[in-house]
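One structure below.
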């Protein structure tokens, strides 16, 4: 019984102190040792400055704060005669590696076919939807791009919404989140959520277990791929982005994402390309390109997709070639590298 | 207020700090704290607890000595109505509820006053029946009325009578099964002179609604709890250290083990209820997940209850003694939910079997003895059926109790089972533990399923009726392993002790590592994700 066990109390004190001190050491180590603070870590991609750091005269781009950019390094000031293009998108635009990504392929093609000297920044991160892309672009405009290529889709809007709710929760005053805000224990909890909870458990098991306030909000959201629900939200965010980019005087090329249905062999985008083309048809400096149109016209469409939304290297080449033609048209006003490619709705 | 809410630790710290700082009036303070604690669910239902305490107080006084005068009876007996009237000033309370409570209180007072006029032995017996009747009445009405009315409606519809009006929609007050059993035990103990009747009404009220054990036990005996509620202990820093030790264990078991395993178990049983079928792999994983969930949930709750109580210098009963190491179903019940199993042993099984033995004794002069296998077996099954029904108003709970009753009888009548459970040696020990665990898991399937039909489907799935393939995703197995293995390791660490809390008997280094890991694992989980399973009883 408990009163009999009170004699063990003195024995508990030292191990308890050791455990607490060990945890305190880990917290200090995490606070000073990690390259990002827990506040940045808990930004869930909504930190404006995360992943960008100016080192001397260079801009270093790294993975940070749930922002999984490829590591890149560019001069802070544009070199004379060089064009700076930034590609903002999700995992499809990010690519399986920096070398195999659409950005690097585009840079090579522009160099080889058009003799253009370009920096093509890959600012794409898996799961990023319109809300987080807007935050990235807001920061990217500080580095004076000549063109923004925006990969627009609705399949990642769900992740954006989920992460936004998490961001709001983690930054609340609520005592429930005090542990979350600790550098070490907060990171352990977040790792479990991201590495175990979201990755190990099948989606339907996870969904069934969601009962907290955040869960309720997410549960109330319609299907992850319900285009009628997500499209208006995505278009509204895109409007803000286009507005900001145009205010900065930078042209924007919106490449509308498409998905591949292996069963039917068709490439679809739920009408997103038409909706975006109509929306920006009269907007100067805004070009719209359809991934669906680009791929649908090709006989080897199944060879262009690794899965339902990610491109193979052949697919990446096709996209890069088409983008290169559009970029060539924009910067060179025509010429050998601007023939064919994506049919753009440009004014 | 649930122990799993973020605000309970703040509540506990505040209450225990003020408690030890108070030079007097500690009893009133704890009663007030308990009322606040319970009011987080529904402040109206405090009237039930007050009513039960009033009935216990008056009846035990009347059983032990001369009953209180009618004015006192009316003052205390009408207290629940007064509570509702006060509450009605702040919160909406239906007039019908107030009127029904007033009528019930008045009826009790009149019955009590009438019973007080009887001769001593008759009075004692009458007041015992009255107090037990009040508590059972509360339990039956609030817990079983919906079930009975649904059954009655079904029966009437089968014979062509439409009578929707019989269908009741009574809210179930949290923890009702626990405090009513505690009340009954107090009255019976006073009647049997195992315990003295308490002369202070507030102390009886405090015993009924002492917040650490109010909603899910342990079902305390008055002889153990009432003297402690004089709050005569002086502050001892060891209360704090031991209390924190128990609280850490409790939260670890609840938040890390139970709530995470619940993700798998809840998904599976909900889908089964919706008609989905699963193969052996999924069914076994879900059954294992539920075993870990219910263990972590209830054992964890009991540690939190004990830890909270010891912070106030109160010692509660140990409710679990490593039940997963039991070598027979009978031993399992001697280790699992001990306060309930000893309650049903003392207040149902022994009186029932002694009563039957008394009537069957060979001669009027011989002493009754519970040694007839047939009597013991039938009483065991009846007792366990009642224990099943105690858990909930549904056939699957009754089947759960009945199954355990049958198992215990089997261990009495099958010689091999008894030998296996008592043989020394490594292999018999492992085999008997595994066999008991499997049987307990089967019973837990009956317990967890939403209906008998669902339980049958789960058992069929486990037996391979929907295919014997490993249909469970590897992520689910990994998830289960991550959250159940620490529990297995903890039990293995204390396998020769009484309970998990005895990990303090290990070396200081082991203890430091255990604390360190428990805090990290606890912090990695989302607190308050799921309610305690036993709160619904």
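Here are the numbers:
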{"item": "Length-normalised contact order for the stretch B:8-232 - Cα pairs under 8 Å, 6+ apart - percent", "result": "28"}
{"item": "222 nm mean residue ellipticity, helices alone, for chain B (DSSP H n ≥ 4; -39,500 (n - 2.57); rounded to 500)", "result": "-21500 deg cm²/dmol"}
{"item": "Two-site label geometry, residue A:332 and residue A:282: point separation in nm, points 7 Å out along Cα→Cβ", "result": "3.4"}
{"item": "Kirkwood hydrodynamic radius of the stretch A:23-158, Cα pairs, Å", "result": "15.8"}
{"item": "Sites residue B:125 and residue B:410, calculated FRET efficiency, Cβ-Cβ separation with R0 30 Å, nearest 0.05", "result": "0.20"}
{"item": "Rg and Dmax of the protein assembly as shown, Cα atoms only, in Å", "result": "34.3, 120"}
{"item": "Distant alpha-carbon pairs in the stretch B:408-525 (separation over 17 angstrom), percent", "result": "74"}
{"item": "Ascending count of other beta-carbon atoms within 10 Å, so fewest first, for B:230, A:240, B:158, B:271", "result": "B:158, B:230, A:240, B:271"}
{"item": "Scattering profile of the stretch A:223-263 at q = 0.16, 0.17, 0.27 Å⁻¹ [log10 I(q)/I(0), Debye over alpha-carbon scatterers]", "result": "-0.57, -0.62, -0.99"}
{"item": "Helix B:474-493 vs. chain B, principal-axis angle (Cα, 0 to 90°, nearest 10)", "result": "70"}
{"item": "Zero-based 10 Å bins, Cα pair distances in the stretch B:453-521, whole percents", "result": "16, 31, 22, 21, 9, 0"}
{"item": "Rg/Rg_globular for chain A, with Rg_globular taken as 2.2 N^0.38 Å and Rg from C-alpha atoms", "result": "1.15"}
{"item": "Chain A: relative contact order in percent, alpha carbon pairs under 8 Å with at least 6 residues between", "result": "16"}
{"item": "Shielding of B:502-513 by partner chains, average beta-carbon count, 10 Å", "result": "4"}
{"item": "For the stretch B:9-60 versus the stretch B:494-522, the gap between their alpha-carbon centres in whole angstrom", "result": "33"}
{"item": "Centroid-to-centroid separation of the stretch A:119-152 and the stretch B:63-77 [C-alpha atoms, Å]", "result": "80"}
{"item": "For the stretch B:325-472, convex hull volume per residue from C-alpha positions, Å³", "result": "142"}
{"item": "Contour minus Cα-Cα distance for residue A:49 and residue A:108 (0.36 nm per residue)", "result": "18.4 nm"}
{"item": "Projected area, mean over directions - the stretch B:153-225, Cα convex hull, nm²", "result": "7.5"}
{"item": "For chain B: relative contact order, % (alpha-carbon pairs under 8 angstrom, 6 or more apart)", "result": "18"}
{"item": "Additional length obtainable on full extension of the chain from residue B:107 to residue B:7, 0.36 nm per residue less Cα span", "result": "32.0 nm"}
{"item": "For the stretch B:370-417, projected area of the alpha-carbon convex hull averaged over all directions, nm²", "result": "3.3"}
{"item": "Isotropically averaged projected area of chain B, using the convex hull of Cα atoms (one quarter of hull area), nm²", "result": "29.3"}
{"item": "Ranked list, fewest to most other Cβ atoms within 10 Å of each Cβ, for A:83, A:189", "result": "A:83, A:189"}
{"item": "Extended-chain gain in nm, criterion 0.36 nm per residue less alpha-carbon gap, residue B:459 and residue B:354", "result": "34.1 nm"}
{"item": "Stokes-Einstein D (µm²/s) once Rh is taken as the Kirkwood radius of the stretch B:142-280 over alpha-carbon pairs, at 4 °C in 1.567 mPa s", "result": "66"}
{"item": "Theoretical ellipticity at 222 nm over chain A - DSSP helices of four or more residues, -39500 (n - 2.57) apiece, nearest 500", "result": "-13000 deg cm²/dmol"}
{"item": "Proxy reagent accessibility, fewest Cβ within 10 Å first, across B:179, A:134", "result": "A:134, B:179"}
{"item": "Approximate spin-label separation residue B:165-residue A:144, in nm, with each point projected 7 Å along Cα-to-Cβ", "result": "8.6"}
{"item": "Peptides ranked, highest mean first, by Cβ atoms within 10 Å: ranges A:47-56, B:160-169, B:438-447", "result": "B:438-447, A:47-56, B:160-169"}
{"item": "Volume of the Cα convex hull of the stretch B:8-232, divided per residue and given in Å³", "result": "150"}
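All of the numbers you see were taken from the coordinates with simple rules; none came from a lab. Quantities reported herein were computed from a predicted structural model and do not represent experimental measurements. Neighbour counts run over all protein chains shown; Cβ positions are idealised from the backbone, glycine included.
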